[in-house]
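The values are calculated or read from the model by the stated rules, or taken from the named source; none is laboratory data. Source: prediction; values computed, not measured. Note that each Cβ is placed from the backbone with ideal geometry, even for glycine, and that neighbours are counted across all protein chains shown. The accessibility values were calculated without ligands, DNA or RNA, using every heavy atom of the protein model including side chains. Shrake-Rupley method; radii C 1.70, N 1.55, O 1.52, S 1.80 Å.
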Amino acid sequence: MGNMKSTVLYYTALLLYFYTFLFSCTHKQDQNLLPELILAESMMYQYPDSAQLILEEMDVPSPCDPLQHATWSLLLTQARYKNYVTQDSDSLINIAYDYFIKQEDPQRKALSLYLKGALYAEWGEADKALPYLLNAAEEMEKTTDFQLGHLIHLEIGSIYVYRVLYDYAKISFEKALEYAKLSENKVYIASSLLHIARVHSLIESYEASIPYYEEAIKAAKISQRPNTISSALNELAAIHRECGNYELALHYVYEALNISKKNNLTVEQHY
């Protein structure tokens, strides 16, 4: 673990100048942040596991410096959430939320609200989650963090699906797709398209779902996400089966099976 920490600190020092310049142009308050926090945030969307490692290996900022301490709490919550690490308590996100909700920083406020809501949703408390997420969506409109906008609306849409409010879910997923396209994140574009396709299938609008599945598969292939490709192909096969297009259904099942075998994924569902 000591060698790993040394490696992290080495890359932190190496990249400090670049990321300080980058973030000073986009988020003024970050000029005062510790270099580890700047680096971790810059890696959050593409390399959340590395961001989590940096945050957990660094010295925890003192509560006497509320900006650093709150930012560290916020980013560590975000990294753990993105890495599917179970968080049984909201004590960490509350540190960030209590600080940033009072600041004139819509991006940090939106992120704090989103993570509060996302954690409640993860714990099965949708009624508590939704108000935080809706407020996060309002704050996000004041920023250009389009990737965060995608995540917020995807989470809102998922809650509407849970509540069987499919029309509202579709609107939320379409908004998520809009932000995904603005961010030019192919992974998020594929995810949004797949969620829209699934809503159409839930309301048995099978023909309408097919173009979304096809576009989701294209985007997932570009971003090289075999899990997403395999799932989308398998679901598309089921849609064609419902529509009576049995040859197409079989074609997509075989394609999904081949991708799963090639990437050592679970194949039982295809059989």
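Averaged over its residues, region 100-198 has an accessible area of 43 Å² per residue, based on protein heavy atoms and a 1.4 Å probe.
Normalised size of region 150-202, defined as Cα radius of gyration per 2.2 N^0.38 Å with N residues, equals 1.00.
Starting from the exponent 0.38 and prefactor 2.2 Å, build the expected Rg for region 30-89 from its residue count and divide its actual Cα Rg by it. For region 30-89, the normalised Cα radius of gyration is 1.05.
With charges set only on the Cβ (+1 for Lys and Arg, -1 for Asp and Glu), what does the dipole of region 167-271 come to about its Cα centre, in debye to the nearest 20? Mind dumping the intermediate values first?
Details: 11 positive and 13 negative charges, 93 e Å.
Using Cβ point charges on Lys, Arg, Asp and Glu, region 167-271 gives about 440 debye.
Note on the chain: with neighbouring protein chains present and a 1.4 Å probe, carbon and sulfur make up 53 percent of its accessible heavy-atom surface.
Among residues other than Tyr252 with Cβ under 13 Å from its Cβ, the summed charge is -4 (Lys and Arg +1, Asp and Glu -1).
Summing +1 for each Lys or Arg and -1 for each Asp or Glu, what net charge is found among the other residues whose Cβ lies under 11 Å from the Cβ of Ala121?
Summing Lys/Arg as +1 and Asp/Glu as -1 gives -2.
Dipole orientation for region 173-271: of the candidates Ile196, Ile222, Asn245, Ile222 has the Cα lying most toward the positive pole (charges on Cβ; Lys, Arg +1; Asp, Glu -1). When the listed pairs Lys170/Lys261; Lys102/Lys128; Lys170/Lys218; Lys181/Lys221 are checked against a 22 Å cut-off, the alpha-carbon distance exceeds it for Lys170/Lys261. Result for the chain in a Gaussian network model with C-alpha springs under 10 Å: among Ile239, Ile93, Ile259, the largest mean-square fluctuation is at Ile259. Were the residues from Cys243 through Asn227 laid out at 0.36 nm apart, the gain over their Cα-Cα distance would be 3.3 nm.
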